[in-house]
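The values are calculated or read from the model by the stated rules, or taken from the named source; none is laboratory data. Everything numeric in this text was worked out from a predicted model, so none of it was measured. Here the Cβ positions follow ideal geometry from the backbone for every residue, glycine too, while neighbour counts run over all protein chains shown. These area figures cover heavy atoms from the full protein model, side chains too; ligands, DNA and RNA do not enter into them. Shrake-Rupley method; radii C 1.70, N 1.55, O 1.52, S 1.80 Å.
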Number of protein chains: 2
Amino acid sequence: MNIRPRTRATSFDVAALAGVSQSAVSRAFTPGSSLAEEKRLRIIEAARKLNYVPNSIARSLTTQRSNIVAVILGNTANPFYLQVLEAFMHRLQAEGRQVLTFTVENGGESDEAILRVLRYQVDGVILTSAQLSTRMVSLCHDRGIPVVLFNRYIPGSDASGVRCANAEGGRQIATAFLAAGARSFAMIKGDPKGTTSQDRARGFVDRLMEAGIGRDAISELEGHSVYDGAHEAVVREFRDGRTKIPDAIFGINDIMAMGAMDALRQRFSLKVPDDVMIGGFDDIAEARRFPYRLTTVRQPIGQMVDETLAILHLDEPHRPIEPGRDVVVPGRLIWRRSIPAPRGDGETKGA
Amino acid sequence: MNIRPRTRATSFDVAALAGVSQSAVSRAFTPGSSLAEEKRLRIIEAARKLNYVPNSIARSLTTQRSNIVAVILGNTANPFYLQVLEAFMHRLQAEGRQVLTFTVENGGESDEAILRVLRYQVDGVILTSAQLSTRMVSLCHDRGIPVVLFNRYIPGSDASGVRCANAEGGRQIATAFLAAGARSFAMIKGDPKGTTSQDRARGFVDRLMEAGIGRDAISELEGHSVYDGAHEAVVREFRDGRTKIPDAIFGINDIMAMGAMDALRQRFSLKVPDDVMIGGFDDIAEARRFPYRLTTVRQPIGQMVDETLAILHLDEPHRPIEPGRDVVVPGRLIWRRSIPAPRGDGETKGA
DNA sequence: TTCCGGCGTGAATACGCATTCAATCTGTGC
DNA sequence: GCACAGATTGAATGCGTATTCACGCCGGAA
């Protein structure tokens, strides 16, 4: 146990034991290559004896494919992105690829992360919730590495993006509020630099104004895309009766909606939806739980992951990188109790 | 944009442009190597012009160090482990290492994951919440790759582990329950194969029995370490009045405690802590939120991460792997409102 | 002046594998 | 029995870098 053999058997060792050439060993571990079945078995057996495990690093050097995909996370405090990470891990693992994970500061630049990722010759980069300079995108593309922005787009960027119909989702929440009779509103926005937050807010406001709601009946808070941010923003805005509490509050994402809801109950002893109705966006797992039962717009993560991987086209490395596609998938309004349903068609199962 | 230069500049390209040898370029990117400053600057400039990024894959091949650490996640539905992942990512990124992330089925074997990890010549393996055969441990150790079990230990294994004082934590919750006057109990256990769950439960029961509580006053439910599992277990156990609802319920981890709490409120209209008091373990971010305000045992993630990285000793690859250390760090009881405090010293800030 | 230690440098090599190329072997059709 | 297509095979090479080795150079000590 104290000895350190440091003996990672190589394909040559296996070849020697099996009485074949190193080429044969390589072929034995490369599906679809031409090798007599009897010999293949003999090699596998020898490999087993030596605890041989092929060295993917060396393999990558010759094949120019690492089978590694980088996932860069911009806001690990939002459970949504962890759900997304999980979805990508499952999918990529299933097809034999590895996930190299990075985090960057919430709202920060991911340039440095990209640079580090590039060193590892990843086959693709998935960027969630993070800023990215166009220089970095072309750096990747020039090297044949596709970049996909998940739930985000950068105007004028060459990088493709996959996102939910954010503006439309904002409209759906607004429509739900209106149907429930709300006349005064607040919304809690996230990262001001992020288009996601902007789009949802825009759709929300547009719909309200179409319904004749005045701009002065819609206040805006900044929640920085996190629970605590929204919680504090609500407390700050409404304490001392400085601002009148509106009929309805739209949290630009679920975690902020939850923070707002908790703040309203805890600090102002208000009831949801009786005193204030609340809408969210994402449909994270927590949103359906008993204390929240949040009416929200569900982002179809599975579908978005599919679209992302399609753009990455990891299976066809030689297909050119598609220039700047912007894939938009529709969200779906999930009725729960944080907004009174016009008709009694809300979800009944709460857990 | 449509052309695919596929031109990843190599150190030779940079050398040619800078008028030096490839060795010099390599040295320019290797801190601490002997190279004239003037020449180093010239090389950096040439590299910039060519968008040269050193190829870590090739570097790994010669150095025998990949600077990649594998983190294997066993239960992504428990936010605790995502917090742990985040902590490791931050730490490892800060010291210039990469994180290769894997998931395995909740409670499943991680052998296959290990095998895949080994191919990538990772410098270390961190395993959270997952089973592992001893054969895999020695496979790693024989190759000089340290393995650390996070929050888990495998009796008789060569792998070191870092964990919280689980039994002691269970005792602390039991003590809190007793101090608050509880006389009948339930506990919701997680993965039956996991030692973590067993240890916490054991400490809990031991303490109760020391206080003269009979075994028949302690019922046991299975929650499979997830929110929904605990929720359903509580509903199943207590509906129809089959079992009398106890004074206190110990969720072996916070997420199950939360599931239990929501079930009690939603399905049985009970109040916490008035009707039932609840204790948890982990102190995940959600535990402090208004609807839960869970009294729980905080696991010192930072300290546990430190200990884990110390065992990995990534900086000294040649130091022999320490045989089977079992590092135990104490948890700390965090008083919140889900258990009435004997004296009024609970946390007041809820969000 | 001579000697020596140390720095700076480039040529050459190794890392572990996939793949090309040419050679050998197999079986088929005639 | 012969020619030939296809299947197997191994030697050799390349992937991009770090590192060793040997050499030239400089400055200080003797």
Requested in this report: Summarise the long-distance tail of P(r) for chain A by giving the % of C-alpha pairs beyond 31 Å.
Outcome: 46
Query raised in the report: Hey, for A:S34 with labels 7 Å out along Cα-Cβ, what do the inter-copy distances come to in nm, ordered shortest first?
Result: 5.2
Query raised in the report: Just counting partner chain Cβ atoms within 10 Å, what average do the residues of peptide B:261-272 show around their Cβ?
Result: 2
Report summary line: On the formula 1/(1 + (r/R0)^6), with r taken between the Cβ atoms of A:R267 and B:S138 and R0 of 60 Å, the FRET efficiency rounded to 0.05 is 0.60
Report summary line: Sorted by chain and then number, the residues having a modelled amide H within less than 5 Å of the amide H of B:F29, at least 5 places away or on another chain, are none
Query raised in the report: So which lysines can A:K271 reach, going by Cα to Cα under 27 Å and dropping same-chain residues fewer than 8 places off?
Result: A:K189, A:K244, A:K349, B:K271, B:K349
Query - Estimated D of the protein assembly as shown in µm² per second, where Rh is the Kirkwood radius over Cα pairs and Stokes-Einstein applies at 10 °C, 1.306 mPa s - result: 58
Query raised in the report: What nm distances, shortest first, do you get from the label point of B:R267 to those in the other copies when the point sits 7 angstrom along Cα to Cβ?
Result: 3.5
Report task. With a/c under 1.5 counting as rounded, go ahead and sort the range B:166-300 into rounded, prolate or oblate using the C-alpha gyration tensor (a ≥ b ≥ c being the square roots of the eigenvalues; past the cut-off, prolate if a/b is larger than b/c, else oblate). Result -> rounded
Report task. Taking the dipole about the Cα centre of the protein assembly as shown, with the C-beta of Lys and Arg at +1 and of Asp and Glu at -1, give me whichever of A:L294, B:A16, A:T30 is farthest to the positive side. Result -> B:A16
Query raised in the report: For the range A:11-54, what % of the accessible area comes from carbon and sulfur atoms, probe 1.4 Å?
Result: 55
Report summary line: Contact-by-burial set, the range A:25-74, min loss 30 Å², accessible area of protein heavy atoms with 1.4 Å probe, reference chain alone, gives A:N51, A:V53, A:P54, A:N55, A:S56, A:I57, A:L61, A:I68
Query raised in the report: Using the scaling law 2.2 N^0.38 Å as the reference, what is the normalised Cα Rg of the range A:158-219?
Result: 1.18
Query raised in the report: Near the axis that takes chain A to chain B, which A residue has its beta carbon closest, and at how many Å?
Result: A:P291, 2
Query raised in the report: Which parts of the range A:160-174 would a label at A:V329 reach, counting a residue when its backbone N lies under 18 Å from a point 7 Å out along Cα-to-Cβ?
Result: A:160-170
Requested in this report: Give me the accessible area of B:Y153, 1.4 Å probe, in Å² rounded to the nearest 10.
Outcome: 70
Report task. Calculate the radius of gyration of the Cα atoms of the range B:11-54 to one decimal place, then report Dmax, the largest Cα-Cα distance, as a whole number, both in Å. Result -> 8.9, 24
Query raised in the report: What is the log10 of I(q)/I(0) for the range B:32-135, computed with the Debye formula using one identical point scatterer on each Cα and no solvent, at q = 0.22 Å⁻¹?
Result: -1.17
**Report entry** Solvent-accessible area buried by A and B, counting both chains, probe 1.4 angstrom, square angstrom
**Finding:** 6900
Requested in this report: Please list the equivalent ellipsoid semi-axes of the range A:127-189, computed as the square roots of five times the alpha-carbon gyration tensor eigenvalues, in descending order and whole angstrom.
Outcome: 36, 10, 7
Query - trypsin sites (Lys or Arg not before Pro) lying in DSSP loop within the range A:252-303, provided at most 16 other Cβ fall within 10 Å - result: A:K271
Query - Gyration tensor verdict on the range B:10-87 (Cα atoms; rounded if a/c is under 1.5, prolate if a/b is larger than b/c, oblate otherwise) - result: prolate
Query - Over chain A: helical MRE at 222 nm, DSSP H runs n ≥ 4 each giving -39500 (n - 2.57), nearest 500 - result: -12500 deg cm²/dmol
Query raised in the report: How large is ³J(HN,Hα), in whole Hz, for each residue of the range A:122-136 in order, when computed from phi with the Karplus curve 6.51 cos²θ - 1.76 cosθ + 1.60 and θ = phi - 60°, using x for Gly and Pro?
Result: 4, 7, x, 10, 10, 10, 10, 6, 7, 7, 8, 7, 5, 4, 5
Report summary line: By the Kirkwood definition, with r running over pairs of different Cα atoms, the range A:57-215 has a hydrodynamic radius in Å of 17.3
